[in-house]
Amino acid sequence: MQGLKSLLGAMINSFKDLMPIVLVVLFFQLVVLQEPLPNVLSILFGLLLVVLGLTFFVFGLEMGLFPIGETMAQSFARKGSVFWLMVFSFCLGFGTTIAEPALTAVSAEAAEVAAEGGIIPMTEDSMQSYADGLRLSVAISVGLASYLAC
């Protein structure tokens, strides 16, 4: 019963985490573009799937990877290895960002928009390269921010 309660709490937190994105999209769709939402049922079902996916993703991270990362960081600190702690911090920031599913989706969408706008050629290779470049620049930035915060 406690596990189900934790899962439900995580689901509510996932929904809260997604609300700023939902509000931004709704604002631009309804206020700026002044157009109704297309396929409302499909959008709501998709939102439900995103909430479920994010919930299981975060729940899994908290159960499996976070404890390992905390243990490693504490070990680096105990050993007084500032260099390796900093390298670990950069790699963790970079790795979690490059693997972020939302970043992958947004960068692919940005590449498609850039191609439609004539900024890049409308080829699969160009769009993939553009999306990869966006993901890489964001991941390096987060890695550096993690490094500096350490």
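Each reported figure results from applying straightforward, stated rules to the coordinates on display, with no laboratory input. Please read these numbers as outputs of a predicted model, since none were measured by experiment. Counting neighbours? That spans all protein chains shown, and the Cβs are built from the backbone with ideal geometry, glycine included.
For the range 92-106, name all the residues that are assigned to a loop (DSSP other than H, G, I, E, B) and buried (at least 17 other Cβ atoms within 10 Å of the Cβ). Walk me through it before giving the result.
Just the residues of the range 92-106 that are assigned to a loop (DSSP other than H, G, I, E, B), to begin with: 99-100.
Selection gives Glu100 alone.
Residue-by-condition table, conditions (1) touching a Gly at 6+ places or on another chain (Cβ under 6 Å); (2) within 29 Å of Thr55 (Cα to Cα):
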residue	(1), (2)
Cys91	no, yes
Ile120	no, no
Ser129	no, no
Ser146	yes, yes
- Message: If I filter the range 79-91 for residues that are loosely packed, with under 15 Cβ neighbours inside 10 Å, in contact (Cβ under 8 Å) with a residue 40 or more places away in the chain and not β-branched (Val, Ile, Thr), do I get at least one hit?
- Response: yes
- If we ask which residues in the range 20-42 are surrounded by 10 or more Cβ atoms within 10 Å (Cβ to Cβ) and in a helix (DSSP H, G or I), their number turns out to be 11
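I'm trying to understand the selection: among the residues of the range 43-72, which are β-branched (Val, Ile, Thr), surrounded by 12 or more Cβ atoms within 10 Å (Cβ to Cβ) and within 30 Å of Phe90 (Cβ to Cβ)?
Passing the criteria: Val50, Thr55, Val58.
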- Task: May I ask you to list the residues in the range 107-150 that are among the hydroxyl-bearing types (Ser, Thr, Tyr) and either closer than 21 Å to Gly95 by Cβ or surrounded by fewer than 16 Cβ atoms within 10 Å (Cβ to Cβ) (or both)?
- Result: Ser107, Thr123, Ser126, Ser129, Ser137, Ser141, Ser146, Tyr147
